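Asks: Before I ask anything, here is the structure I am working with.
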Amino acid sequence: MAATSIDPPSRVAAPPPHDPESAFFSETPPAYAPLPLTPDLDPPGADRLGLSPEEIEQFRTQGYVVKRGLIPTTDLAPFRELFWRQPPVLAAGVSRDDPATWVDPGDRWLVENRWGLDADWMGGSPWPSPEDERPGATVGERVGRLAHRLNRDSANDVWRWHGLGHDPAFVAATSAHPRMLYMLEALMGGPVKRPWRNRGVYAIFPRARDERESRLGAHMDQNMMELSGVTLLDDVPPHSGGFTIFPTSPQMLYPTSEQALNWVATEASTEAIDRLKEQVQPVEFTGRAGDTIFAHGLVVHSAGLHETDRMRLAVIQDFNKVRRRSHMRWTAAGKHGGPRVQCDMDGYFRFPTDGDDDPADGLREVTNQWIMDSNEFVLSRDAPFEDMFHDWNLGREPVRGHVVDEPPWWRKYGLPPLPSATQPPGGGGMAAVPLAEIATYEGDGVWRVQSRANDWMDG
Ligand SMILES: [Fe+2]
């Protein structure tokens with residue numbers, strides 16, 4: 001297929017690995033308040049599939065486009081229903097019929113939130129709590145994100161319902177919806193990698209007026225997605241936490257990366273994000289259920305300012321083309337006071353050899369950022385291209401359904417299947433596996449992973 005002839009391997013040395021949970025940001029406060037993106041500001045074509053010339057121009061120069069009514073609201077209705085029956089909602093006494101209960105539910109969240117998880121940690125144990133002794137990590141080491149990630153962010157209480165993101169019916173109604181796949185090909189061009197999961201529903205709750213002040217937390221995710229998509233699960237009026245982006249941020253950041261298809265930040269990247277926040281007015285995505293905003297994967301964004309009594313429910317999605325890929329962003333827990341160690345683009349973990357943590361110990365927890373549809377670096381280490389959209393579609397070709405069923409990363413590596421049939425919809429997460437199961441010890445603190453990234457296309 002076409003994908004095998006592009007992105008040839010390169011001999012550029014792998015950059016130092018980063019924690020997959022880390023975002024790219026700077027401390028500079030944004031100079032401008034966000035402008036709500038109401039439909040009257042859309043270029044022509046927002047209510048139709050495909051891209052008008054004005055929308056193509058906006059995407060090329062500003063890095064985003066809004067499609068109104070992309071997903072029929074009836075397709076999303078079952079998941080709006082499911083929302084109100086989830087454990088965090090029930091535990092906090094949040095009721096659809098009583099908006100007073102939507103305010104600051106974090107006060108009522110339980111400390112223990114390992115709902116809907118199989119006993120599959122490191123092969124067959126329950127997922128550890130912060131107090132549990134465990135053979136593969138220091139007590140209290142993070143377990144990766146749970147099915148329900150409950151946060152008290154700087155301003156609002158936030159529930160990131162990741163567990164819904166791998167529900168096949170939900171993926172079919174959102175990231176892999178035929179109208180979504182059409183837009184992915186119209187934007188990125190084929191071969192589109194069929195999405196197998198998304199990050200789920202991010203709920204931002206209203207807060208008591210006199211408590212915390214809503215402010216932006218602008219950052220860039222530095223994950224693998226080439227294209228970001230946010231679909232509203234319910235209506236989001238202005239100033240109600242709408243996903244907020246900085247137009248032109250992809251255009252400003254892209255040339256500062258060391259690589260075209262893997263984000264590798266440089267000093268120029270930090271200067272660019274500072275300049276962006278000083279000079280560019282952010283825009284806030286508002287609209288009706290089913291409306292979707294697409295942005296280039298390098299977009300600088302934030303949860304929106306939230307000043308109303310509404311709850312904001314949005315589906316956060318990551319999209320990619322099929323490409324030859326290299327290693328995953330595996331992360332291995334430290335033991336006996338040793339640090340957590342990340343896998344690099346060449347598939348190497350390098351553990352310190354001078355501490356109490358035996359680097360040859362392969363019984364240590366290895367995880368991935370399981371909420372992502374892709375965790376694999378791109379094999380090509382080409383420098384950024386003159387035209388950052390050089391292999392995007394953006395009006396070059398008609399959409400013809402060039403979508404490929406590339407297997408998801410967890411299937412490529414035989415990782416624990418997403419939740420068993422015994423779990424209710426909306427639960428489940430990707431458990432840890434022992435390091436020795438996915439990598440081989442080569443001595444001197446070095447473990448090497450064998451890539452399975454392209455086996456499916458190489459046969
Ligand atoms: Fe983010």
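The numbers here are math on the coordinates, done by the rules we state, and not lab data. Note that this is a predicted model, so its numbers are computed, not measured. For neighbour counting, all protein chains shown are included, and Cβ atoms are generated from backbone atoms with ideal geometry for every residue, glycine included.
Asks: Taking Cα pairs under 8 Å and at least six residues apart, what relative contact order does the chain come out at, in percent? Could the numbers behind the result be given before it?
Replies: Numbers: 1052 pairs, mean separation 113.2, N = 459.
Relative contact order here is 25 percent.
Asks: Please compute the volume of the convex hull spanned by the alpha-carbon atoms of the chain and report it per residue in Å³.
Replies: Output value, Cα hull per residue: 147 Å³.
Asks: Using the Cβ atoms and a cut-off under 11 Å, what net charge is assigned to the surroundings of I204, where Lys and Arg are +1 and Asp and Glu are -1?
Replies: With Lys, Arg at +1 and Asp, Glu at -1, the net is +2.
Asks: Just from its helices, what would the mean residue ellipticity at 222 nm be for the chain, if runs of 4 or more DSSP H residues each count -39500 (n - 2.57) and the sum is divided by every residue, rounded to the nearest 500 deg cm²/dmol?
Replies: For the chain, the value works out to -4000 deg cm²/dmol.
Asks: Something else: Greater than 26 Å separation of Cα atoms is the criterion. Which listed pairs, K193/K335; K321/K412; K67/K412, meet it?
Replies: Too far apart for the 26 Å limit: K193/K335; K67/K412.
Asks: Rounded, prolate or oblate for segment 408-459? Axes are the square roots of the Cα gyration tensor eigenvalues, ordered a ≥ b ≥ c, and the cut-off for rounded is a/c under 1.5.
Replies: oblate
Asks: Can you sort E81, E55 so the residue with the fewest Cβ neighbours within 10 Å comes first? All intermediate terms of the calculation are to be shown ahead of the outcome.
Replies: Values: E81 10, E55 25.
The fewest-first ordering by Cβ neighbours comes to E81, E55.
Asks: Which GluC sites (Glu not before Pro) from segment 170-226 combine a DSSP loop assignment with at most 15 other Cβ atoms within 10 Å? The partial results should precede the final answer.
Replies: Details: sites: E185, E211, E213, E226; in loops: E211, E213, E226.
Listed in order of number, the matching sites are E211, E213.
Asks: Non-local amide H neighbours of R452 (under 5 Å, H modeled in plane, Pro and chain starts lacking H): which ones?
Replies: Amide H to amide H, under 5 Å and 5 or more residues apart or across chains, R452 pairs with nothing.
Asks: Determine the dipole magnitude for segment 318-459: charges of +1 sit on the beta-carbon of Lys and Arg, -1 on that of Asp and Glu, nothing else is charged, the reference point is the Cα centre, and the result goes in debye to the nearest 20.
Replies: In debye, rounded to 20, segment 318-459 gives about 420.
Asks: By a straight-distance test (C-alpha under 20 Å), which aspartates and glutamates pair with K277 as possible cross-link partners, with residues fewer than eight away in the same chain excluded?
Replies: E27, E213, D221, E267
Asks: Something else about it: Tell me whether segment 110-181 comes out rounded, prolate or oblate; compute the Cα gyration tensor, take square roots of the eigenvalues as a ≥ b ≥ c, and use a/c under 1.5 as the rounded threshold.
Replies: Values: a/c = 2.98, a/b = 1.55, b/c = 1.92.
Because a/c hits 1.5 or more and a/b fails to exceed b/c, segment 110-181 counts as oblate.
Asks: Among DSSP beta bridges lying fully in the chain, give the percent that are antiparallel, nearest 5. Could you put the intermediate results ahead of the total?
Replies: Working: 54 of 59 bridges.
So the antiparallel bridges in the chain amount to around 90 percent.
Asks: Between beta-carbons, use under 10 Å as the cut-off and find the net charge around C343, counting Lys and Arg +1, Asp and Glu -1.
Replies: +1
Asks: Can I ask one more? Which of the three applies to segment 190-241, rounded, prolate or oblate, going by the alpha-carbon gyration tensor with a ≥ b ≥ c and a/c under 1.5 meaning rounded?
Replies: In terms of gyration-tensor shape, prolate.
Asks: Under 5 Å between amide H atoms, partner at least 5 residues away or on a different chain: which partners does V378 have, H built in plane at 1.01 Å?
Replies: Sorted by chain and number, the residues that satisfy this are S326.
Asks: Let me ask another. Based on alpha-carbon atoms only, what is the radius of gyration of segment 322-459 relative to the globular estimate 2.2 N^0.38 Å?
Replies: Dividing the Cα radius of gyration by 2.2 N^0.38 Å gives 1.27.
Asks: Hey, another quick one. Got a sec to turn the phi values of segment 52-61 into Karplus ³J(HN,Hα) couplings, 6.51 cos²θ - 1.76 cosθ + 1.60 with θ = phi - 60°, whole Hz, x for Gly and Pro?
Replies: Going residue by residue, I get 7, x, 5, 5, 4, 4, 5, 5, 5, 9 Hz, with x marking Gly and Pro.
Asks: What is the Cα centroid distance between segment 369-435 and segment 32-107, reported in whole angstrom?
Replies: Here the two parts' Cα centres lie 23 Å apart.
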